[in-house]
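I have placed the structure first, in the form of structure tokens, so that the comments after it can refer back to it.
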Amino acid sequence: MQGVAQQPVVQLTVLQPSSETMQKIAGHKGCATQGGSGKASCGSGAGQGDLAPEIWEKIKNHPCYSEEAHHHYARMHVAVAPACNIQCNYCNRKYDCANESRPGVVSEKLTPEQAAKKVLAVASTIPQMTVLGIAGPGDPLANPAKTFKTFELIAKTAPDIKLCLSTNGLMLPDRVDTIKNFNVDHVTITINMTDPEIGAKIYPWVYYKHKRYTGVEGAKILSERQLQGLEMLTERGILCKVNSVMIPGVNDKHLVEVNRAVKSRGAFLHNIMPLISAPEHGTVFGLTGQRGPSAQELKALQDGCEGEMNMMRHCRQCRADAVGLLGEDRSAEFTTDKIMDREVDYDLETRKAYQEKVEEERQAKVAAKQAELETLAGERSDIKVLVAVATKGSGRINEHFGHAKEFQVYELSTAGAKFVGHRRVDLYCQGGYGEEDSLDTVIRAINDCAAVLVAKIGGCPKETLRKAGIEPVDKYALEFIEQSAIAYFREYVEKVKTGEIQHVEPGDAAIRQGALVAA
Amino acid sequence: MAYTIVAENCTSCAACEAECPNVAISAKDFAFVINPKKCTECIGYFDDPQCVAVCPIDATCIIDTVYPRYQARA
Ligand code: SF4
Ligand code: SF4
């Protein structure tokens with residue numbers, strides 16, 4: 001059991017929005033956010049798209065999907081659903097589900113009562129906690145009694161917490177009505193294929209109606225149930241997001257078809273995640289040497305699907321282990337023994353007051369970005385650059401380069417700053433590696449970026465980064481991310497024009513393999 | 001006449017517990033266990049032993065050779 005960490009049960013994730021949805025939301029609210037493209041549109045074009053108006057209403061201010069909200073709200077997971085009803089080649093069932101959670105890590109299992117108590121304790125201490133998710137370590141719908149009991153207990157005391165769940169979809173059609181009755185806010189289905197031949201390479205078996213089905217037969221049942229479940233959710237007006245794991249050589253090209261299939265059935269967001277695979281995870285793919293995609297391959301696929309529907313690029317797959325906002329971990333305060341004999345006073349009013357303050361801060365951030373974007377208006381350039389940002393959350397550049405466990409990557413163009421993903425560097429910075437090595441790995445992870453925006457950075461790494469062609473920038477310390485990124489871009493374009501710097505096509509970057517483990 | 005669980009393989013995922021038609025399976029310390037007095041090898045209920053079909057780890061729910069095979073009552 002080497003390398004297996006007992007993880008805190010409370011898993012809190014800071015939510016990130018889909019870049020497309022972000023832009024749509026911005027466009028919807030501000031009209032001029034598309035500024036600089038020369039054809040500022042008001043809600044049309046990249047606006048609401050073909051989302052139904054009532055879905056649009058639901059997501060435009062949703063903490064999970066709204067651009068300005070995502071840095072201020074957090075989600076928490078509780079591990080009440082240990083059993084699973086399918087087998088995936090990217091998963092080792094001795095640990096948590098590799099692509100829903102963290103490979104090589106075991107969550108402490110909770111009873112619904114323990115889970116509810118924990119959620120209330122966290123929510124009354126951390127007012128940002130507004131979304132509760134059940135995602136595993138198995139499949140929530142393979143554990144319906146535990147999953148729905150947890151929802152019931154939480155809904156009773158904390159009606160303001162939004163509920164969500166992630167499922168493989170096999171049992172979804174049978175549970176859609178229960179999901180509707182619990183007023184579940186949104187459901188995520190992991191759909192890796194619609195072609196059973198491809199499915200057979202991903203799923204060795206499914207357990208359905210008291211039988212184990214293998215190969216193409218099993219994959220066919222799974223796929224039919226997933227798509228049926230998705231349609232049923234859509235019919236009932238429940239938001240549905242689709243996750244897909246990108247497995248090069250297996251389903252990478254096929255995911256464009258999956259994208260079409262889920263879009264036509266009403267999924268409002270599609271999140272393509274890279275396969276996480278290493279031999280030490282003990283998964284089938286890990287052992288057969290199946291590789292995950294590079295950052296560029298992933299982005300190319302996401303870009304390829306983007307015309308078809310909303311893509312989500314925020315998923316860091318495993319940032320589910322900390323309690324608190326990005327970069328802070330308070331899970332030690334919420335261990336089961338500490339929670340169980342604590343009186344929890346759930347104070348709705350204080351939470352509301354906090355959340356109102358957050359709204360103000362969000363508006364300020366939008367305004368700042370808006371003002372900065374206007375300075376780009378009229379600017380014409382085909383240049384696109386990626387920058388990495390060190391942040392602890394709140395939408396500001398507020399993390400020291402050397403302390404960053406991950407970087408947020410933004411794509412900058414005259415259309416503005418678009419969030420395109422995370423690059424995690426956590427594992428590399430921990431024990432076993434010398435300082436030098438860890439810097440190398442950070443560089444590999446953000447090798448495709450022209451600059452890294454940080455709150456602070458030492459002289460030595462500065463030098464090394466410059467040599468690697470990545471400009472360290474600390475002059476925007478503590479400023480809003482997007483506003484600063486756009487300002488940086490404007491200067492960059494100026495410098496290219498005056499010939500002070502040369503714009504070069506960046507290299508590819510490596511996607512970190514392994515779980516994000518709380519330090 | 002019974003199945004048994006190889007304790008060192010069991011992940012305590014509880015999947016088998018919910019599927020057993022005879023409520024023969026329960027949690028114990030670090031693994032789940034099958035009560036041999038209750039297990040009917042699923043005979044009379046399903047074609048396949050459910051614990052075997054649902055268990056994510058191969059060779060974890062196995063026939064316990066200590067007991068003779070279960071005979072359905074005629
Ligand atoms: S074989 Fe059937 S009856 Fe026996 S323990 Fe397994 S599920 Fe229960
Ligand atoms: S299904 Fe298998 S791993 Fe899970 S509790 Fe039962 S015997 Fe253990």
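The values are calculated or read from the model by the stated rules, or taken from the named source; none is laboratory data. All figures in this text were calculated on a predicted structure; none of them were measured in a lab. As a convention, Cβ positions derive from the backbone with ideal geometry for all residues, glycine included, and neighbour counts pool all protein chains shown. Surface areas here come from the heavy atoms of the whole protein model, side chains and all, with no ligands, DNA or RNA. Shrake-Rupley method; radii C 1.70, N 1.55, O 1.52, S 1.80 Å.
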A:Ser264: passes all of (1) closer than 12 Å to A:Ile202 by Cβ; (2) modelled with pLDDT of 90 or more but (1)
Which one of the conditions (1) open to solvent by less than 30 Å² (accessible area, probe 1.4 Å); (2) assigned to a loop (DSSP other than H, G, I, E, B) does A:Gly237 fail to meet, given that it meets all the rest?
(1)
Taking segment A:112-141 as the search range and keeping residues that are at pLDDT below 90 and within 14 Å of another protein chain (Cβ to nearest Cβ), which one is nearest to A:Glu361 (Cα to Cα)?
A:Gly136
Selection count where residues are crowded, with 20+ Cβ neighbours inside 10 Å and within 11 Å of chain A (Cβ to nearest Cβ), scope segment B:33-47
1
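Per-residue answers, yes or no, for (1) open to solvent by 20 Å² or more (accessible area, probe 1.4 Å); (2) in contact with a strand residue (DSSP E or B) (Cβ under 8 Å, 6 or more places away or on another chain); (3) touching a residue at least 40 places away in the same chain (Cβ under 8 Å):
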residue: A:Gly459; (1), (2), (3): yes, no, no
residue: A:Arg466; (1), (2), (3): yes, yes, no
residue: A:Lys475; (1), (2), (3): yes, no, no
residue: A:Leu478; (1), (2), (3): yes, yes, yes
residue: A:Ser484; (1), (2), (3): no, yes, yes
residue: A:Arg490; (1), (2), (3): yes, no, yes
residue: A:Gly499; (1), (2), (3): yes, no, no
residue: A:Val504; (1), (2), (3): yes, no, no
Evaluate the following for A:Ser277: is it of a type in the set (S, T, N, Q), in a loop (DSSP other than H, G, I, E, B) and touching a residue at least 40 places away in the same chain (Cβ under 8 Å)?
yes
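Just checking: which of the strands (runs of 3 or more DSSP E) contained wholly in segment B:1-53 hold 3 or more residues that are within 14 Å of ligand 2 (Cβ to nearest atom) and free of Cβ contacts under 8 Å to residues at least 60 places away in the same chain?
B:25-28, B:31-34
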Selection from segment B:16-74 of residues more than 12 Å from ligand 1 (Cβ to nearest atom), within 19 Å of A:Trp205 (Cβ to Cβ) and not small (Gly, Ala, Ser) yields B:Pro56, B:Ile57, B:Asp58
Return the total of residues in segment A:156-175 being open to solvent by 50 Å² or more (accessible area, probe 1.4 Å) and within 19 Å of the chain's Cα centre (by Cα).
1
Can you name the number of the only condition in (1) β-branched (Val, Ile, Thr); (2) away from chain B (no Cβ under 14 Å); (3) crowded, with 16+ Cβ neighbours inside 10 Å that A:Val206 fails?
(2)
Checking the condition at pLDDT 75 or above and closer than 23 Å to A:Asp195 by Cα, which residue from A:His270, A:His281 passes?
A:His270
Taking segment B:54-64 as the search range and keeping residues that are part of a loop (DSSP other than H, G, I, E, B) and more than 8 Å from every other protein chain (Cβ to nearest Cβ), which one is most open to solvent (accessible area, probe 1.4 Å)?
B:Asp58
Does A:Lys365 satisfy the criteria of being modelled with pLDDT under 80, charged (D, E, K, R) and surrounded by fewer than 18 Cβ atoms within 10 Å (Cβ to Cβ)?
no
Residues of segment B:1-15 that turn out to be within 13 Å of ligand 1 (Cβ to nearest atom) and open to solvent by 60 Å² or more (accessible area, probe 1.4 Å), as a count:
1
Enumeration of residues in segment A:142-155 that are away from chain B (no Cβ under 12 Å), buried (at least 21 other Cβ atoms within 10 Å of the Cβ) and of a type in the set (A, V, I, L, M, F, W, C)
A:Phe148, A:Phe151, A:Ile154
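This table checks each residue for (1) of a type in the set (Lys, Arg); (2) in contact (Cβ under 8 Å) with a residue 60 or more places away in the chain; (3) closer than 30 Å to A:Ile154 by Cα.
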{"site": "A:Met171", "(1), (2), (3)": "no, yes, yes"}
{"site": "A:Thr178", "(1), (2), (3)": "no, no, yes"}
{"site": "A:Ile202", "(1), (2), (3)": "no, yes, no"}
{"site": "A:His210", "(1), (2), (3)": "no, no, no"}
{"site": "A:Tyr213", "(1), (2), (3)": "no, no, no"}
{"site": "A:Ile221", "(1), (2), (3)": "no, no, no"}
{"site": "A:Glu224", "(1), (2), (3)": "no, no, no"}
